Every structure is written in C-alpha cells, then in structure tokens.
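The values are calculated or read from the model by the stated rules, or taken from the named source; none is laboratory data. All values reported here derive from a predicted model rather than from experimental measurement. Cβ placement follows ideal geometry from the backbone for every residue including glycine, while neighbour counts extend to all protein chains displayed.
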Amino acid sequence: MSSARQELLHLLATKSFRLGEFKLSSGGTSDYYVDCRTTTLDARGSQLTGQVFLDEIRERGWRPQAIGGLTMGADPVVVAVAVTSGEIHGFLVRKAEKQHGTGQRIEGFREKGARVVIVDDVCTTGASTIQAIAVAREFGFEIAGVMCLVEREEAKGRPNVEKAASPAPFVSIFTATDVRREHLRQKDGPSSPIFAVAASCELCGRPAVTNMPRNRCEVHKA
C-alpha cells in the first residue's frame, strides 16, 4: 500500500468511522457509520483523496477528461481529483432537475462523448452511484470507470453497481472492513493484552473484541 493510501486509511479510521447504533439512508441499521466527508473535506484528507484516486485512475489507464458524481457525497472527491490532476475536469450530478434556469442535472463539465469517471464517497446499496451513472450516460458521457472511497461490502451493493456500470469496471479504494480494522488497531494498539475468546458478544451477538471481564463487542465492552 502506498504511503498516501495508508495515510488516507488512517484518517478515515480516525475521523470518519464510528461504532454504535445507526440508521442508514438505505433504511437499514448498522453497528457502525462511515462519514467520509469529515475526511474528504479535511485539508490533508482532501489532498490524500485527490492523490489516491488519481493514482488509481492512472494505474488503470482510463484517461478521463472529467470526473463526477451525485451531489453531495461525490462533491469533495471530484474537486480533490480535479485540483490534484490539474487536467481532469469536474462535474456534479443533481439529485433532481432544477426548476429554474436551464433545468439541467449536470453542472460543470458538459462535453458530450467525453470519457468520464463516476465517483462516490460511500457505496452501500449503490443507489446514488447508479443514479449518477444513468444520468451521465443519458447526457452522452462515455463512462471509463466507476469508483468509491469506501464500500460497505456487507450491504451487497456491488453487483448492482457493476451491472449498471458495465462494461466499465467498478473499483473501491477501501472496504468498510479495512477501515474498521484500522480503527480498532488505533484504539487498542498492536500489543493490546485483551483478546476475545468467544465468537460473539454475550449481549448482542456481534463479534467480541474483549473477554475482560465478559465477552463483549466494541459497543458493549465499556
């Protein structure tokens, strides 16, 4: 893993990852939440986001003219990549058409036939990413690739995004498991003497992270 990628993971685990009980925009619930904007809108986080996305785009040889996604999760990612690259333009996809002015859904770069990359900060069910893909194609963009910063793999949104993006590939920079692991490593330290000996928390059934004094998950260990 590159130093920029490792530092970005560290920031996500520190600034964006929280354990607890959360209701998701998809309607489901989760024992963790990832708010990528606290990282992508951080001064250093923005630099790292732009560099890591740009490195991935160049490594895959996509050569896009522009990068964009559905507002607002994609907004800081788009700006970070555009500024870092100095040559890849940005565009934003509105969630609905404006009721005034031109009524357009795509703001910023608007060159029909251009190769573009669609981005998002978090992919859960993939609904926002899929919406951006559909609007971009309807406008006339050629999609070279689709990317997200963090993929919540347990939500199983990947097949939906891959189907919508095809034949363009879908790439995630990190999975939520990557970020959770780094978050726990930072919190407990690499040499923590406390280890779980049971597979699940006695209170809720989630994976246990400690057995002192009882088998408890991250949420209930205090």
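Taking the range 72-88 as the range and being surrounded by 23 or more Cβ atoms within 10 Å (Cβ to Cβ) and among the charged types (D, E, K, R) as the test, no residue passes. Residue check: is Arg63 touching a Leu at 6+ places or on another chain (Cβ under 9 Å), surrounded by fewer than 17 Cβ atoms within 10 Å (Cβ to Cβ) and touching a residue at least 12 places away in the same chain (Cβ under 8 Å)? Spelling it out, it is not the case that Arg63 is touching a Leu at 6+ places or on another chain (Cβ under 9 Å), surrounded by fewer than 17 Cβ atoms within 10 Å (Cβ to Cβ) and touching a residue at least 12 places away in the same chain (Cβ under 8 Å).
Within the range 37-55, identify whether any single residue is among the hydroxyl-bearing types (Ser, Thr, Tyr), under 15 Å from the mean Cα position of the chain (by Cα), closer than 27 Å to Gln104 by Cβ and crowded, with 22+ Cβ neighbours inside 10 Å, and answer yes or no. So far as the range 37-55 goes, yes, one or more of its residues are among the hydroxyl-bearing types (Ser, Thr, Tyr), under 15 Å from the mean Cα position of the chain (by Cα), closer than 27 Å to Gln104 by Cβ and crowded, with 22+ Cβ neighbours inside 10 Å.
Looking at the range 87-97, is at least one residue over 21 Å from Cys36 (Cβ atoms) and either in contact (Cβ under 8 Å) with a residue 40 or more places away in the chain or part of a strand (DSSP E or B) (or both)? Full working, then the answer.
Residues of the range 87-97 that are over 21 Å from Cys36 (Cβ atoms), as a first pass: 87, 89, 96-97.
Narrowing the set further to residues that are either in contact (Cβ under 8 Å) with a residue 40 or more places away in the chain or part of a strand (DSSP E or B) (or both) leaves 89.
Within the range 87-97 (the criterion being over 21 Å from Cys36 (Cβ atoms) and either in contact (Cβ under 8 Å) with a residue 40 or more places away in the chain or part of a strand (DSSP E or B) (or both)), the answer is yes, since at least one residue qualifies.
Among the residues making up the range 159-175, those that are surrounded by 17 or more Cβ atoms within 10 Å (Cβ to Cβ) and farther than 22 Å from Ala13 by Cα are Asn160, Val161, Ala164, Ala165, Ala168, Phe170. Once the range 171-207 is narrowed to residues that are at pLDDT 95 or above and either small (Gly, Ala, Ser) or touching a Lys or Arg at 6+ places or on another chain (Cβ under 7 Å) (or both), the residue that is nearest to Val117 (Cα to Cα) is Ser172.
The residue that is nearest to Phe174 (Cα to Cα), among those in the range 124-134 that are without any contact (Cβ under 8 Å) to a residue 60 or more places away in the chain and out of contact with any helix residue (DSSP H, G or I) (no Cβ under 6 Å at 6 or more places or on another chain), is Ser128.
If we keep just the residues of the range 98-109 that are under 25 Å from Leu41 (Cβ atoms) and assigned to a loop (DSSP other than H, G, I, E, B), which is modelled with the highest pLDDT? So that I can check it myself, show each step before the final result.
So the first thing to find is which residues in the range 98-109 are under 25 Å from Leu41 (Cβ atoms), and the list is 98, 105-109.
After this cut, where a residue has to be assigned to a loop (DSSP other than H, G, I, E, B) as well, the list is 98, 105, 109.
On the way: Lys98: 64, Arg105: 94, Phe109: 98.
The extreme case among them is Phe109.
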